[in-house]
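What follows is a set of notes on a single structure, which appears directly below.
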Amino acid sequence: MNFKIDPSHSGASVLRRDFPSDFRWGCSTSSYQIEGAAQEDGRGESIWDRFCSEPGRIRDGSSGAVACDHYHRWPEDLDMAKQLGVNAYRFSIAWPRLLPQGRGAVNEKGLDFYSRLVDGMLERGLQPWATLYHWDLPQALQEQGGWANRATVDAFLEYTELVTRRLGDRVKHWITHNEPYCTAFLGNFEGNHAPGLKDHKTALLVCHHLLLSHGRAVPLIKRLVPDANVGITLSLHPISPASDSVEDAAAAIRHDGLRNRWFLDPLHGRGYPEDVLALLGSDAPQLLSNDLREIATPTDFLGVNYYFPERIENAPGVAPIATRVVETHGVERTAFGWEVDPEGMVTLLTRIQRDYAPNCVYLTENGSTFEDELLPDGRVEDVQRRSYLQRHLAAAQRAMAAGVPLKGYFAWSLLDNFEWAEGYLRRFGLAYVDFETQQRTLKASGQWYAQFLQPGEADR
Ligand code: IFM
């Protein structure tokens, strides 16, 4: 590969002690990607169960029905998180496990599961960070229109109330939604995520209802858990034009508008960006009078998931806004083809700070997929992921030095897991999972993270 790594940015010398002592160190997971037990203890069907059952949806024809069997193996998994030395664990709650029909009858066994899981975290010194919605909507709600139906906002609030009443005595960190862009646009416009629709107007309406449900959930959670910290997690990209042309420059602004500002602007009280609204015309969602005010309810933190930058070219005729993401050559990439660009994280975080000035930011996901191999001697030498992690932690430090109020970093992910439309073909874990035997093996990257996190270690 003919890419260059700036030696001053290699990350090899990044040290935990150079971060503030109250910095949160974590790893992230999500329910559908790891739990399995899809038909156990009264769990209802989710849109991902249904999507996976449709031929051709998932690259390897798999599903999350078993996944990492975390539903049964969670003590071992939390032990592994503890072994890493993280002090926070981000997980998500499967709505259909608690409310199999989306609303109404409660499945106590589902609540008990999360209650035990949270106790397990606390016993191990792991601060629980709960995400309420990481994409597994009850199928019963999808049948009534899913997130395109405004009534799903009310259903989400009922679900939020149920969860926070039960877990709020122990869980103080809440994320309403994970990556609403993916829920809305991958699921309802590109059609490669559940529920698999391809309609831009629907995607925009879904997106609006997701943001509205977030805004309404914040005061609800705070009322029920007065000492709660509540935020939302967005997947954001630093965006630049693919060339010096005026057309590409304008395309990059449009793309940033729909990809980043469409979320950041309304959440920060600015409403939807006017330039994007003008492009969307009648596809733009119809708002009720209080919607924007509710979406802009102040939060305690902004969660940012950073993976890669996007370079944009003008693409006349390409829906929805005549832009295309261009593949740059000669750059380091993960097995997914995502460009590895730690400095892009600095660019993104400093841009958010400059334009929106959040009080507190957490990197709630950052990670990489490579072709990992379990060697006969039981090692997984994922040196690329280790280097990725080191360089992104060094980038996190540079962002902090530039004034970003970054308070924590969560590696994606604790375990190899069900990577949505890619099935089990993409491994993101710090721990390797043999999906035949369910054996977990800490990879070299996980071992490095554990060593890095050990307080007082000088040389790494
Ligand atoms: O696996 C996903 C996760 O569910 C959401 N953020 C991106 C990850 C990697 O694709």
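The values are calculated or read from the model by the stated rules, or taken from the named source; none is laboratory data. The shown structure was predicted, so the numbers you read here are calculated from the model rather than taken from an experiment. For neighbour counting, all protein chains shown are included, and Cβ atoms are generated from backbone atoms with ideal geometry for every residue, glycine included. Accessible surface areas use protein heavy atoms only, side chains included; no ligands, DNA or RNA. Shrake-Rupley method; radii C 1.70, N 1.55, O 1.52, S 1.80 Å.
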Of the residues Leu84, Leu132, which single one is out of contact with any Pro (no Cβ under 8 Å at 6 or more places or on another chain), open to solvent by less than 50 Å² (accessible area, probe 1.4 Å) and within 16 Å of the ligand (Cβ to nearest atom)?
Leu132
Criterion (open to solvent by 40 Å² or more (accessible area, probe 1.4 Å), more than 18 Å from the chain's Cα centre (by Cα) and under 30 Å from Arg59 (Cβ atoms)) met by exactly one of Leu117, Leu141, Leu197:
Leu197
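Listed here are the residues, each with its yes/no results for (1) within 17 Å of the chain's Cα centre (by Cα); (2) aliphatic (A, V, I, L, M); (3) under 30 Å from Gly281 (Cβ atoms).
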site: Gly317; (1), (2), (3): no, no, yes
site: Ile321; (1), (2), (3): no, yes, yes
site: Arg324; (1), (2), (3): no, no, yes
site: Glu339; (1), (2), (3): no, no, no
site: Arg379; (1), (2), (3): no, no, no
site: Gln390; (1), (2), (3): no, no, no
site: Ala394; (1), (2), (3): no, yes, no
site: Ser413; (1), (2), (3): yes, no, no
Being without any contact (Cβ under 8 Å) to a residue 12 or more places away in the chain and at negative phi, is that true of even one residue in the range 405-418?
no
Looking at Ser213, Ser235, Ser245, Ser240, which one is of a type outside the set (D, E, K, R) and touching a Cys at 6+ places or on another chain (Cβ under 7 Å)?
Ser235
The number of residues in the range 319-367 that are in contact with a strand residue (DSSP E or B) (Cβ under 8 Å, 6 or more places away or on another chain), open to solvent by 10 Å² or more (accessible area, probe 1.4 Å) and hydrophobic (A, V, I, L, M, F, W, C) is 6
Ala450 vs (1) touching a Gly at 6+ places or on another chain (Cβ under 6 Å); (2) within 16 Å of the ligand (Cβ to nearest atom): all pass except (2)
In the range 369-381, what residues are under 16 Å from Gln447 (Cα atoms) and open to solvent by less than 10 Å² (accessible area, probe 1.4 Å)?
Val380
Which one of these does Asn290 not meet: (1) of a type in the set (S, T, N, Q); (2) over 22 Å from Ala203 (Cβ atoms); (3) crowded, with 20+ Cβ neighbours inside 10 Å?
(3)
Selection from the range 187-213 of residues that are without any contact (Cβ under 8 Å) to a residue 12 or more places away in the chain and within 16 Å of the ligand (Cβ to nearest atom)
Glu190
Per the list (1) open to solvent by 50 Å² or more (accessible area, probe 1.4 Å); (2) under 17 Å from Phe452 (Cβ atoms); (3) within 19 Å of the chain's Cα centre (by Cα), residue check on Arg386 breaks on (3)
Counting only helices (runs of 4 or more DSSP H) wholly inside the range 39-112, the ones holding at least 3 residues that are under 16 Å from Leu132 (Cβ atoms) are 95-98
Name the pairs: first residue in the range 326-354 and closer than 13 Å to His392 by Cβ, second residue within 16 Å of the ligand (Cβ to nearest atom) and among the aliphatic types (A, V, I, L, M), Cβ to Cβ under 7 Å, at least 6 apart or on different chains?
Glu332/Val340; Thr334/Val340; Leu348/Leu236; Leu349/Val304
Just checking: which of the strands (runs of 3 or more DSSP E) contained wholly in the range 353-460 hold 1 or more residues that are touching a Ser or Thr at 6+ places or on another chain (Cβ under 6 Å)?
361-365, 406-412, 431-434
If Ala67 passes every condition in (1) surrounded by fewer than 23 Cβ atoms within 10 Å (Cβ to Cβ); (2) at positive phi but one, which one does it miss?
(1)
